[in-house]
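One structure is given here, and the rest of the page talks about it.
The values are calculated or read from the model by the stated rules, or taken from the named source; none is laboratory data. Everything quoted here is computed from the prediction, not taken from an experiment. Areas reflect the complete protein model, heavy atoms only, side chains present, ligands, DNA and RNA absent. Shrake-Rupley method; radii C 1.70, N 1.55, O 1.52, S 1.80 Å.
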Amino acid sequence: MKNSDDREWEKTRNLLREHLTVPPLTNPDFINSRVLEAIEREERPRPAASGWSLRWLFWSGATALLMAGLLTAVLMPREFGLRSHDEFISQVISARAEMPQLSVTGFQVPDGRGVVLWMEGVDYIPAGEGVR
Amino acid sequence: MGELPDEAALVARARQGDTRAFDELITRHREKIYMHAYHMLRSEDDAVEIAQETFIRAWKSLSRFDGKAALSSWLYRIATNAVIDLCRRRRSHPEVEVDVGPMKVDPASQTTPHRGEVPGASVDRAEIRRRIEAALLQLSPEHRAVVVLKELEDLSYEEIAARVGCSLGTVMSRLHYARKHLQTLLRDLHEEL
């Protein structure tokens, strides 16, 4: 024995089944062709483009790293290695003056064949003064 | 019995990128997917669009189809989700009204079109259909799916659960509320009939 709710729903269900018909699919092959077109469209450019760009990115990155490594290995030890005195053209030997406005800098050639004095703050050296 | 391995073989070929095998799978399932989408949306154009969308989504995620469930159940689930997505898109960006408003009158026409029943006359079939469709479209897509699958496509609760992708309890609960809602919406129609 069905209750009233079930009977009510049965009426509604019959109404749905009687009136909610589906029109036939008029051109079913249209679905196939559209789907296959979309698949082809989506698959064709993407793998090629993304594959190429990824490969390109990988190889250019690897080459850049390799170049940086090589340059470091070749150039850095020469830059930071210990140097002998002979490699310098000149060196500062003193920087001392009695007058505060006067600055004197001396350069000595490494093999000891000469000294250059660079003086700033005086227009001339008085005859009575000597360079000590 | 003989078709199942064949379908599995087609799926395996399609997974490897064989579009001809996939074409055959579309041919086998397109009618049912279209009917399901039509029941859900009550529009031929929308149903065709959903059928296409379903097969395109299926192709993209074919590698995730494990073959434990029937292919048809999996396709139904994709179709139902596609319908739900479409309804959500339309809810946020409505394009057309579901219910038809007052008809426009062509100034050059000789007769005046009318809508609705003539007093005293019985409700005609087209009007009944329009009102049932309008009521069905007022249900949420999730509720509509279970009503359509149960009442129009005669599936069992288990089959509905597999095709909608939810538990048996959820199917029963949705069906209960959907029926109640639909009966309320169609009460006037029952009285007129």
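Checking an interface number: how much accessible area is buried between A and B, summed over both chains, with a 1.4 Å probe, in Å² rounded to 100? That pair of chains buries around 3200 Å² in total.
When the pairs A:Lys11/B:Lys68; B:Lys68/B:Lys180; B:Lys32/B:Lys150; B:Lys60/B:Lys150 are compared against a 26 Å limit on Cα-Cα distance, A:Lys11/B:Lys68; B:Lys68/B:Lys180; B:Lys60/B:Lys150 fall above it. Using the Karplus relation 6.51 cos²θ - 1.76 cosθ + 1.60 with θ = phi - 60°, the per-residue 3J(HN,Hα) values for segment B:141-148 come to x, 5, 6, 4, 4, 6, 5, 4 Hz, with x marking Gly and Pro.
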